[in-house]
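Below: the structure, in structure tokens.
The values are calculated or read from the model by the stated rules, or taken from the named source; none is laboratory data. Quantities reported herein were computed from a predicted structural model and do not represent experimental measurements. All Cβ positions, glycine included, derive from the backbone under ideal geometry; neighbour counts span all protein chains shown. In case anyone asks, the SASA skips ligands and DNA or RNA and just uses the protein heavy atoms, side chains included. Shrake-Rupley method; radii C 1.70, N 1.55, O 1.52, S 1.80 Å.
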Amino acid sequence: MLELRNINKVYNPGSVTEMCLFDNFNLSVAEGEFLSIVGSNGSGKTSLLNIICGSIPIEDGQVLFAGEDVTGLEDYKRYERMGRVYQNPALGSCPNLTLLENMSLADNKGKRYGLGRSINNSRLDYYRGQLAFLNLGLENKLDVKMGELSGGQRQAAALIMSTLTPIDFLILDEHTASLDPKTAEIIMELTDEVIKNKKLTAMMVTHNLRYAVDYGSKLIMMDKGKIIFEKDGRDKEYTTVNDVLDIFTAISIELGN
């Protein structure tokens, strides 16, 4: 489904602050896989997502979706085949528009806009059905402005909006980090249900080691632009938080923290 081949990424090339983050970096995510990624700050997690989404350029290498080379494809073109949920619930939606208007915008992703109404009333029942799946009562809040919803409600709505059109790949960018623990648990459970229900391939960056261990079919840890720990299948099932924490601790000691 997704393949990164020999990725090279250098920040501030030619300057005194030049830093090579990725040096011939490789990663494959199989169709239907749910990959969890952990790592300390500066390990390359966010840069990895931005390279996949086309938000930042690379010096060398290839990004492939389903065997198609999309390395030179603009980010908005890549989003026709993928969805992304951000850490900040305010991102990925328009706070001054209603939930219905936001849903309509998401439903028209990749389509041309004319001078007609953006809201298609024939899709109302579909929107309500998608929101009802969350079991949060959002199907009754279509006329409420997004900015008036709670952080958890906005993140749940953003999850549905990102998967409203047919996509191949879902990017979860620390999407529970800004939520309180109880709400984060709800969003994480809903995320898992949406991924399974819509049979999506997904990649989640998280600082929550328990989420990384409990959810997904594959787990990797990154450090300094490299994969230093990888578990999938039955190995992933038997991996514990302490297993991951021990490696984190060793890295912290090495860095003098």
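Going through the cross-link list 77/224; 45/231; 182/231, which pairs have a Cα-Cα distance over 23 Å in this structure? Display every interim value, and only then the final one.
Details: 77/224 29 Å; 45/231 17 Å; 182/231 27 Å.
The answer is 77/224; 182/231.
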Practice problem: First compute the accessible area of the chain with a 1.4 Å probe, then give the percent of it belonging to carbon and sulfur atoms. | Solution: 48 percent
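Taking the Cβ of residue 7 as the centre, find all other residues whose Cβ is under 11 Å away and add up their charges (Lys, Arg: +1; Asp, Glu: -1). Numbers along the way, then the final one.
Working: positive: 5, 9; negative: 3, 23, 59, 60.
Its environment carries a net charge of -2.
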Exercise. Would you give the gap between the C-alpha center of segment 115-176 and the C-alpha center of segment 26-80, rounded to a whole Å?
Key: 25 Å
Exercise. Just round it to a whole percent: the fraction of Cα-Cα distances in segment 82-198 exceeding 17 Å.
Key: 52 percent
Exercise. Just order 37-45, 242-250, 151-159, 67-75 by mean Cβ neighbour count inside 10 Å, highest at the front, would you?
Key: 151-159, 37-45, 242-250, 67-75
Self-check item: Counted charge near residue 78, where neighbours are those whose Cβ lies closer than 15 Å (Asp, Glu -1; Lys, Arg +1)
Solution: -4
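Taking only C-alpha pairs under 8 Å that are 6+ residues apart, what is the relative contact order of segment 104-250 in percent? Kindly include the intermediate steps, with their values, before the conclusion.
Numbers: 119 pairs, mean separation 23.5, N = 147.
Reported relative contact order: 16 percent.
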Quiz item: What span do the alpha-carbon atoms of segment 175-257 cover on each of the three principal axes, reported in whole Å from largest to smallest?
Solution: 42, 30, 23
Quiz item: In segment 114-257, what is the volume of the convex hull around the alpha carbon atoms, normalised per residue and reported in Å³?
Solution: 166 Å³
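Please work out the average accessible area per residue across segment 135-214, using the 1.4 Å probe convention, and give it in Å².
Working: 3210 Å² over 80 residues.
Ligands and nucleic acids excluded, the result is 40 Å² per residue.
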Quiz item: Any idea of the accessible area per residue across segment 35-95, 1.4 Å probe, to the nearest Å²?
Solution: 42 Å²
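For the chain, what is Rg from Cα atoms divided by 2.2 N^0.38 Å, rounded to two decimals? Let's see the in-between values first.
Working: Rg = 19.1 Å, N = 257, 2.2 N^0.38 = 18.1 Å.
So the chain has a normalised radius of gyration of 1.05.
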Exercise. Work out how far the C-alpha atoms of segment 18-102 reach from end to end along every principal axis, then list the three figures in whole Å, largest first.
Key: 45, 31, 27
Self-check item: Rounded to 5, percent antiparallel among DSSP beta bridges of the chain
Solution: 55 percent
Practice problem: Work out the length of the dipole vector of the chain about its Cα centre, built from +1 on the beta-carbon of each Lys and Arg and -1 on the beta-carbon of each Asp and Glu, and round it to the nearest 20 debye. | Solution: 780 debye
